[in-house]
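The structure under discussion appears below in the form of structure tokens.
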Amino acid sequence: MNKNNIKTIEQLEQYISLTPHERRKTKEIIGSHLMSVNQYYMDLINWNDPNDPIRKMAIPSIEEKNLEGSFDTSGEHESTKVCGLQHKYSQTALILCTNHCATYCRYCFRKRFVGISTDEIVKDWDKVVEYICEHREITNVLLSGGDPFTLPTDRIVNILQKLSGIQHLRFIRFGTRIPVVFPERIINDDELINVLKKYSCNNKRLYVTTHFNHPKEITPDSIEAIHKLLDAQIIVNNQTVLLKGVNDNPAVMAELQSLITKIGVVPYYIFQCRPVKKVKNIFQVPLYKAFKIIEGTRSMLDGLSKRFRFVMSHETGKIEMIGCMDDHLYFKYHQAKDKLLSGKLFHKKLHKDDAWLDL
């Protein structure tokens, strides 16, 4: 799927000029977190604009040399029960199907293995199925990675066959950026669409959670891909990451949420960017500023377009940011690893530069 992607310094220099210092540092960065951008997504970049949002999300920056932060900010290793399966929240099993993506995002929170190592992805599907069967509290599965839609269609069929037979699963989700970065995969692959339509039935619906971050990503091709999914009876929702220099502006974020709603996608989450090594200092927005951006965004939107929750995927759970009063930010556990924390309200006064909670 990505054999023709832009992956090397030499290919990148066909689009931009690099100083010897930038060239050397960028080559080092690519050596530790691969660059891989398909032609469709490259063509969305305005190369005359050094601050182009697509460019910032896809093209390496020498700022990635900064190693402040963590490679596992949400406790994924601790939540892993079987190789490739995480069970952090009672009702949900998260499965890492692959370490590949159609384009490698520079803000990726799984930089520790995406495009690099297969150590954390599923090795034995029988063990995965066995675990889910033994834990009847699990009502849904999230197929993630990497991007599961980069898998060959016959592999996707095989996974759906295994999971669809588990009676207590109510629905199956795909976490994928393919409609955004490589819509051709959906537009031109009728076999994939037919498979999804076959398995998205009334008693075990399929969901696609996609990932639009900027209005520039909503193109005629991405809209066509979304419509093909909707026509196949797939429910499509979206999660956006708040990213400095990309969408940290209420007008931009409001336009994005409005446009995705217009094309039939449900606004699901806006995530606070995680403090990941090589990501934190480039993309994170301080929490006070982030809350003001999201409140400004909501003020511009109709009810359907502001259905999203603004959350951080913290080690202790999914924490929603719900208010600010007297310099205190107010939070609520939307989901919690510890059931006793579920629904808990709390508030904290933070430093103006804090971009994550220390709990």
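The values are calculated or read from the model by the stated rules, or taken from the named source; none is laboratory data. Not measured: the values here are computed from a predicted model. All Cβ positions, glycine included, derive from the backbone under ideal geometry; neighbour counts span all protein chains shown. Areas reflect the complete protein model, heavy atoms only, side chains present, ligands, DNA and RNA absent. Shrake-Rupley method; radii C 1.70, N 1.55, O 1.52, S 1.80 Å.
Were the residues from ILE9 through THR219 laid out at 0.36 nm apart, the gain over their Cα-Cα distance would be 72.8 nm. Counting only residues at least eight positions apart within a chain, or on another chain, the lysines with an alpha carbon under 19 Å from that of LYS25 are LYS7, LYS56, LYS65, LYS111, LYS277, LYS278, LYS280. For the range 210-342, averaging the sequence separation of C-alpha pairs within contact (under 8 Å, six or more residues apart) and dividing by the residue count gives a relative contact order of 21 percent. Accessible area per residue for the range 128-210, computed on protein heavy atoms with a 1.4 Å probe, is 40 Å². Each label point was placed 7 Å from the Cα along the Cα-to-Cβ direction; for SER299 and HIS328 their separation is 2.4 nm.
Put simply, the C-alpha atoms of the range 253-359 give a gyration tensor, and the ellipsoid matching it has half-axes of 23, 17, 15 Å, longest first. Label positions at THR139 and LEU34, each projected 7 Å from the Cα along the C-beta direction, are separated by 3.8 nm. Taking all Cα pairs closer than 8 Å and separated by 6 or more residues, the relative contact order of the chain comes to 14 percent. Residues in the range 37-80 average 47 Å² of solvent-accessible surface per residue, probe 1.4 Å, ligands and nucleic acids excluded. Say R0 is 45 Å: what FRET efficiency, to the nearest 0.05, do LEU230 and LYS292 get from their beta-carbon distance? With R0 = 45 Å, the Cβ-Cβ based efficiency is 0.85. Averaged per residue, the range 285-359 has 55 square angstrom of accessible surface, using a 1.4 angstrom probe with ligands and nucleic acids left out.
Between THR316 and ARG205, the distance separating the two model label sites (each 7 Å from Cα on the Cα→Cβ line) works out to 3.3 nm. Considering only alpha-carbon pairs that sit under 8 angstrom and 6 or more positions apart, the relative contact order computed for the range 318-359 is 31 percent. The length gained on full extension between LEU67 and HIS351, counted as 0.36 nm times the residue separation minus their Cα-Cα distance, comes to 100.1 nm. Note on mean projected area of the Cα convex hull in nm²: of the candidates (i) 17.5; (ii) 18.7; (iii) 36.0, the value calculated from this structure sits at (i). Measuring nothing but protein heavy atoms, the accessible surface of the chain at 1.4 Å probe radius is 49 percent carbon and sulfur.
One chain, two ends: CYS83 and GLU184. Fully extended at 0.36 nm per residue, the span grows by 33.2 nm beyond their Cα-Cα distance.
Applying 1/(1 + (r/R0)^6) with r as the Cβ-Cβ distance of LYS27 and GLU130 and R0 = 41 angstrom yields a FRET efficiency of 0.40.
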